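Only one structure is covered here, and it is reproduced in the block below.
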Amino acid sequence: MQGPIDIGDGQLACARRSPPTSEDIRAQLERIVASPEFPNSGHGHAFLRYVVEETLSGRAGRIKGYSIAIEVFNREEGFSQDDPVVRIEAGRLRRTLERYYLVAGQNDPVVIDIPKGKYVPFFTWNGSMVEPGGVKSEQLPEPSTAADVIPRQRNLVIVLSALSVLACIALLAYWVVGPPTSEVSARSGIASPDGPTLVIAPFANLGEGPDAKLYALGLTEELLTVLPRFKELKVFGRETSEALPPETDASHIRGKLGARYLLAGGVRVSDSRVRVTARLLDTATNAILWSQTYEDDLQSRSLFAIQSDVADKVAIAVAQPYGIIAQAVAANPPPEDLDAYGCTLRFYAYRAELSVEKHAEVRECLESAVARYPSYATAWAMLSIGYLDEDRFKYNLRSGSPAPLERSLNAARRAVELDPGNTRALQALMTALFFNQQLPESLRVGEQAHATNPNDTELMGEYGTRLALGGQWERGAAVLQQALLRNPGGGGYYHGTRALAAYMLRDNDTALAEIRQANLQKFPLFHLIAAVIYAERGMMEDAKREGATFVEMRPAFLANLPAELKIRNIPPEDQDRMLAGIRKAGLPIPADTAASISSPSAGSDLQPQ
């Protein structure tokens with residue numbers, strides 16, 4: 001028979017100790033807000049006081065994002081919850097509390113914690129656990145008669161004792177075997193980790209008369225519409241923007257809202273000319289990261305056309321995946337940031353290089369991200385691409401079931417289910433469907449995604465690739481060209497796919513120019529396309545060098561050419577040109593393989609992407 005379990009004096013004390021009282025909790029609250037380790041930036045002090053006092057007053061059930069926005073952030077009734085101000089500030093508050101208890105509060109008697117995905121605080125003794133809100137006897141309603149007192153007190157003592165014992169057992173189990181899955185899931189219920197945050201100040205009226213004011217208001221509204229479509233960026237909503245004066249400085253935004261970036265500018269109207277200036281500032285340093293001036297003629301274009309065009313150009317420059325904010329975050333990430341959100345930065349770095357080494361790192365990072373944040377749609381979408389690259393590029397292929405293509409499609413569908421309007425999710429679904437041989441559905445999803453955010457050049461390049469490889473070479477080339485014009489600094493795979501499209505359209509000058517700009521030395525298929533294009537131009541020494549590099553990197557590709565082409569949907573009528581180019585480059589193709597290339601079931605995706 002098993003002997004009695006010795007849980008020790010400390011654990012017995014845990015089992016016997018009552019939860020913190022209101023006085024204990026309020027004393028701890030004052031201790032926290034008075035500490036230099038809990039700076040009064042943003043609305044941290046007011047936020048913490050509000051949720052603590054509401055809970056202690058028995059009103060924990062009404063602590064919602066909506067009530068916090070109105071009572072802490074002074075939003076008007078009818079506040080739109082599209083504004084992420086409460087969610088962002090809650091994330092900052094949690095990190096500040098965590099830092100406080102690691103430094104100044106290590107030996108404090110009471111711990112105040114706000115779990116992720118929730119706004120109701122937990123109150124615990126340092127080293128123990130109790131129920132949310134620190135429920136205690138004096139918080140319960142008084143019994144109406146003396147006869148009720150003794151039974152209710154007895155029941156209360158029994159319940160609290162049982163809860164304390166169970167809490168201590170749970171705590172012991174936590175330290176011995178780790179947190180249970182349900183707790184991890186509950187604490188990971190937030191939709192996504194904190195990413196870069198942007199506030200759009202109302203554009204200033206720098207002209208005279210009512211027209212300039214109208215243009216400034218219209219442009220601000222247009223920016224508030226197009227920028228939130230980029231899901232890797234959190235944009236404060238209309239209520240926040242409207243409450244700011246046009247001349248708001250960056251330090252005010254940092255101190256009051258905690259946002260990392262401020263977009264500001266002005267509109268000047270003179271006769272028939274309109275000039276718009278826009279600038280992006282880092283609120284931590286007040287540095288101008290980017291600025292641009294746009295001019296137009298009001299006689300030749302309408303007000304709405306000008307507003308839309310300027311807003312699109314600003315969004316492309318600032319918010320798209322390879323834009324100013326992404327570059328700034330990658331170069332100087334905030335110290336609390338590079339965990340799950342950092343995986344998205346690694347994903348884009350991988351897409352720019354397409355190396356097998358970076359693929360392994362990114363896939364592992366994204367798998368960890370979705371485990372911690374199960375509702376993070378963008379991470380699911382990027383993981384879908386990572387799984388897909390196991391199959392189409394033969395990168396870090398895992399054995400077992402389900403197969404990479406199935407895992408890719410499942411992850412993409414999960415991303416769309418979580419956030420149907422997420423451009424990256426739709427991009428992943430389009431690509432996964434394409435490689436699962438569902439071409440019409442793939443292109444339909446791609447068209448939907450492009451309509452959802454026509455300024456996203458990452459999506460635009462992928463959509464152009466799918467159109468081209470699906471047989472619409474000319475249309476795909478046009479979409480790819482548009483992506484390159486809007487985002488010259490985008491991934492080299494834009495240029496590689498554009499080069500392949502030009503080769504298929506017999507535009508050899510463009511094919512040569514584009515492949516030279518692709519420069520994806522760690523990506524095998526880049527070398528195959530380069531070999532084919534160089535051979536077409538008679539540059540045989542270059543063609544042989546690239547061909548040899550490709551065979552060394554992917555030795556089994558040519559022997560399996562029919563299968564490689566089939567999965568990539570190149571129409572049968574285009575396969576002969578692909579085969580001729582590979583032969584011209586001097587690459588060895590088995591006779592039986594060449595004979596089967598023109599079968600109706602074949603297809604290909606020889607683009608660096």
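A few remarks follow.
- Test: residue 277 is exposed (fewer than 12 other Cβ atoms within 10 Å of the Cβ), part of a strand (DSSP E or B) and over 24 Å from the mean Cα position of the chain (by Cα): no
- Any hit, the range 244-256, residues being at pLDDT 80 or above, within 29 Å of residue 120 (Cβ to Cβ) and assigned to a helix (DSSP H, G or I): yes
- Of all the listed residues (232, 221), the sole one being modelled with pLDDT of 85 or more, at negative phi and in the same structural domain as residue 278 (by TED's automatic domain parsing) is 221.
- Boolean, residue 421 is surrounded by fewer than 23 Cβ atoms within 10 Å (Cβ to Cβ), in contact with a helix residue (DSSP H, G or I) (Cβ under 8 Å, 6 or more places away or on another chain), among the small types (Gly, Ala, Ser) and at pLDDT below 95: yes
- In the condition set (1) out of contact with any Pro (no Cβ under 9 Å at 6 or more places or on another chain); (2) without any contact (Cβ under 8 Å) to a residue 60 or more places away in the chain; (3) of a type outside the set (Ser, Thr, Tyr), residue 499 is compliant with all but (1).
- Failed criterion for residue 380 (all others in (1) aromatic (Phe, Trp, Tyr); (2) within 19 Å of the chain's Cα centre (by Cα); (3) assigned by TED's automatic domain parsing to the domain that holds residue 227 hold): (3)
- If you check 565, 528, 520, 561 for being part of a helix (DSSP H, G or I), closer than 23 Å to residue 355 by Cβ and of a type in the set (A, V, I, L, M, F, W, C), only one passes: 528.
- Checked against the criterion of being modelled with pLDDT of 90 or more and surrounded by fewer than 16 Cβ atoms within 10 Å (Cβ to Cβ), the candidates 563, 548 yield just one match: 548.
- Residue ID - surrounded by the fewest Cβ atoms within 10 Å (Cβ to Cβ), chosen from residues in the range 258-272 that are out of contact with any Pro (no Cβ under 7 Å at 6 or more places or on another chain) and under 15 Å from residue 286 (Cβ atoms): 259
One line per residue, one yes/no per condition, for (1) of a type outside the set (Gly, Ala, Ser); (2) crowded, with 20+ Cβ neighbours inside 10 Å; (3) assigned by TED's automatic domain parsing to the domain that holds residue 252:
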position: 294; (1), (2), (3): yes, no, yes
position: 325; (1), (2), (3): yes, yes, no
position: 329; (1), (2), (3): yes, yes, no
position: 341; (1), (2), (3): yes, yes, no
position: 372; (1), (2), (3): yes, no, no
position: 385; (1), (2), (3): yes, yes, no
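- Number of the condition not met by residue 503 [criteria: (1) in contact with a Phe, Trp or Tyr (Cβ under 7 Å, 6 or more places away or on another chain); (2) modelled with pLDDT of 95 or more]: (1)
- When residues in the range 96-116 are screened for being assigned to a helix (DSSP H, G or I) and within 26 Å of the chain's Cα centre (by Cα), 4 of them pass.
- Residues of the range 502-523 that are surrounded by 23 or more Cβ atoms within 10 Å (Cβ to Cβ) and not aliphatic (A, V, I, L, M): 503, 514, 523.
- Residue match in the range 290-313 (condition: touching a Pro at 6+ places or on another chain (Cβ under 8 Å) and outside any strand (DSSP E or B)): yes
- The range 342-364: number of residues that are assigned to a helix (DSSP H, G or I) and among the polar types (S, T, N, Q): 1
The values are calculated or read from the model by the stated rules, or taken from the named source; none is laboratory data. Owing to the predicted nature of the structure, the values given are computational and were not obtained by experimental measurement. All Cβ positions, even for glycine, are placed from backbone atoms using ideal geometry, and neighbour counts span all protein chains on display.
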